[in-house]
Structure formats: structure tokens, C-alpha cells
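Asker: Sending over a structure as C-alpha cells; questions will come in a sec.
Just so it is clear, none of the values below were taken in a lab; they were calculated from the coordinates. Just so you know, these numbers come straight off a predicted model, no measurement behind them. A quick note on method: Cβ atoms are made from the backbone with ideal geometry, for glycine too, and the neighbour counts reach across all protein chains shown.
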Amino acid sequence: MPADDEAEPGDAQRAAAAPAGTGSDAAKQALARARAAAGASQAAARANGRPSSTPAWRPESAGAYSGPSPDHRDPQLFGSSVERMIRERGWEAPTAVGGLTGRWAEIVGPDVADHVVPETFEPAADGRGLVLVLRADSSAWAYSMRTLLPTLRARIDQELGTGAVRDITVLGPASPSWKHGKLRVQGRGPRDTYG
């Protein structure tokens, strides 16, 4: 039996001369006629010096077939794609900082979050790590946070990774300005719990 892409020269005449059948015989005869015609056209192309028709495209030959195991061409989950983009662009630290400020109440607890908020994140002087500046709404909360710094540092290291935040500074409330007008009295001014 000839191959799919080759036909013997007399196949076309035999297929044309065969009587038309019914049902599956007719389908077999039509397929034989189509194969014969394709073989004849390929033989004619080879005789004229032209290359035969291009072979059937197979996905594995073009590298487009991914196979049964996961591949980079397969659909990806949104979360893993975002994580890969953050890692490739070097956005780990800014993303972690945004996560810390966005989840501040969850990290330190709602009571502390009501009185102490992250004010700034600044790169350390030597470029390694960040300096976290916290602002408390009273001197008492600033003092309490300074005593809780080891616990807070451990919790932040757990969230951001060890060493991401190098130093934590706790500031008291910003004191109001008591300077009005051109003349000022020398001295410390009013005594109150302004940090």
C-alpha cells in the first residue's frame, strides 16, 4: 500500500474508473482518489524541479508543543506572575514596605496602631536596609514603643525578612509652635508631654 504522501502513477486512473459505491465504500473510494491526486501533483512538482509541498506542520517540531508537564508557555496564576515581576524588577523592598504600612494594625495590634503610626521609611546611610521612623501621639506611647522595640523588631523581621529594617526610631508627638509675633521670651516654653 503506498504511503500517504506518495501514490503510484496508475492510482488516479484506477480510482476514476472504479464504480461509485455506497456508504463506507464511497468514502474509501473518495479518499483513494484524493490521495492519488495529491501523489500525482507531487510527482509532477518533482519532475519540474520544484520542491514538493511543505510537510505537515507538527507542533513538537516547531517547539510549540509544551508536553504533559508544566511549561513557561502554559497559563500562569496571577499571583505567581506578579511575584515574578516584582522579583525581576527589584521591587521586593518597596513592596514589603507598602505591605508593612498597609497591614500596620495587623502587625502591631489595633491598640498600638491607634496611637503609633509609621511615618517614613528611609534607606540606611550605608545603603543596607531601611530606617523605620514611627510617630506616637503622646510621650507615654513613644516611651512604651521604645521599651517594646525588641518585640517590634522581631515581628517586623518575621514579616519583611531578617535585616530588612535596620533601625527603628520612635518620635513623640510634634509639639505646637508657641512662637507668635516678632518678640520671643527666652527659655524652654510651656511644659507638657510633647515628646
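Asker: Output wanted: per-residue J couplings in Hz (rounded whole) for the range 96-110, from phi through Karplus 6.51 cos²θ - 1.76 cosθ + 1.60, θ = phi - 60°, x for Gly and Pro.
Answerer: Using θ = phi - 60°, the values come out as 5, 5, x, x, 5, 5, x, 10, 4, 5, 6, 6, 9, x, x Hz.
Asker: A further question on this structure: Taking the beta-carbon count within 10 Å as an exposure proxy, list His115, His72 from fewest neighbours to most. The partial results should precede the final answer.
Answerer: Values: His115 17, His72 6.
By the 10 Å Cβ count, ascending: His72, His115.
Asker: For Leu132, Leu148, what ranking results if the residue with the fewest other Cβ atoms within 10 Å of its Cβ goes first?
Answerer: Sorted ascending by nearby Cβ count, the order is Leu148, Leu132.
Asker: Given a Förster radius of 35 Å and the C-beta distance between Asp114 and Arg84 as r, what FRET efficiency does 1/(1 + (r/R0)^6) yield to the nearest 0.05? Spell out each step's value before the answer.
Answerer: Working: r = 37 Å, r/R0 = 1.06.
It comes to 0.40.
Asker: To continue, here is another question. In what order do Asp157, Asp74 fall by count of nearby beta-carbon atoms within 10 Å, going from fewest to most?
Answerer: Asp74, Asp157
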